[in-house]
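**Q** Can you keep this structure in mind? I'll have questions shortly.
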Amino acid sequence: MGKKSLATIRKFKTEDINKILGIEEQAFPKTAYSKQTFLNYGNSFPDTFIVIETGNDIIGYIIFDRGGHIHSTAVKRAYRMKGFGEMLFMRAVECVGKKLWLEVRSKNSGAIAFYKSLGMKITGKIPNYYGSDDALIMLMSQKEEG
């Protein structure tokens, strides 16, 4: 059995907040969302704020809306490049019907490479979206089979 088989995906619970904040601060040290922001996301998107955990440890999260907009996602550094981020994205695809989109810092080459590996394509750019950095708009749109 691989490590991924030991992972569980479930909805965010308020008591997860401190673990989520720890992941957020590690992933986005300069621009981490606040506790209140995450609690607001939990209230606004109770069915689409999901976490992935192994044992009692939350190792990542994704927040998206029913329109397929990913508001935030992160995986603990020690668990990156092991398939957990992909598992979160695939769950999001299942929930929204095969179309996801997001903004990513144009200088975040690691995230851009990850999103491209999932089949996302750059479809636009928003100048200075992140202050001195542009946002790239990336889209994953899977064609219906048939």
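The values are calculated or read from the model by the stated rules, or taken from the named source; none is laboratory data. Only a predicted model underlies this, so the values are computations on that prediction, with no experimental measurement involved. Note: ideal-geometry Cβ built from the backbone for every residue, glycine included; neighbour counts use all protein chains shown.
**Q** Is at least one residue of the range 74-86 over 25 Å from Ala113 (Cβ atoms) and in a strand (DSSP E or B)?
**A** no
**Q** Among the listed residues Arg10, Arg66, Arg105, identify the single one that is in contact with a Leu (Cβ under 9 Å, 6 or more places away or on another chain) and among the basic types (Lys, Arg).
**A** After applying the criteria, what remains is Arg105.
**Q** Which of the residues spanning the range 69-89 are β-branched (Val, Ile, Thr) and under 17 Å from Leu136 (Cα atoms)?
**A** If the condition is that a residue be β-branched (Val, Ile, Thr) and under 17 Å from Leu136 (Cα atoms), then Ile70, Thr73 are the ones that fit.
**Q** Hey, another quick one. Mind listing whichever residues of the range 54-67 are surrounded by fewer than 23 Cβ atoms within 10 Å (Cβ to Cβ) and either among the hydroxyl-bearing types (Ser, Thr, Tyr) or at pLDDT below 95 (or both)?
**A** Scanning the range 54-67 gives Thr54, Gly55, Asn56, Asp57, Arg66, Gly67.
**Q** Check Asn43 against each of (1) surrounded by 12 or more Cβ atoms within 10 Å (Cβ to Cβ); (2) at negative phi; (3) assigned by TED's automatic domain parsing to the domain that holds Ala7 and name the one condition it does not meet.
**A** The one condition Asn43 does not meet is (1).
**Q** While we're on this one: Report every pair of residues separated by at least 6 positions or lying on different chains whose Cβ atoms are under 7 Å apart, first residue within the range 27-39 and in the same structural domain as Gly60 (by TED's automatic domain parsing) and farther than 16 Å from Phe12 by Cα, second surrounded by 15 or more Cβ atoms within 10 Å (Cβ to Cβ) and among the acidic types (Asp, Glu).
**A** Matching pairs, first to second residue: Ala32/Glu24.
**Q** Residues that are of a type in the set (D, E, K, R) and in contact (Cβ under 8 Å) with a residue 40 or more places away in the chain: find the strands (runs of 3 or more DSSP E) completely inside the range 87-146 holding 1 or more of those.
**A** 99-105
**Q** A follow-up question, please. What about Ile70, is it surrounded by 13 or more Cβ atoms within 10 Å (Cβ to Cβ), touching a Lys or Arg at 6+ places or on another chain (Cβ under 8 Å) and outside any loop (DSSP other than H, G, I, E, B)?
**A** Judged against the criteria, Ile70 is not a match.
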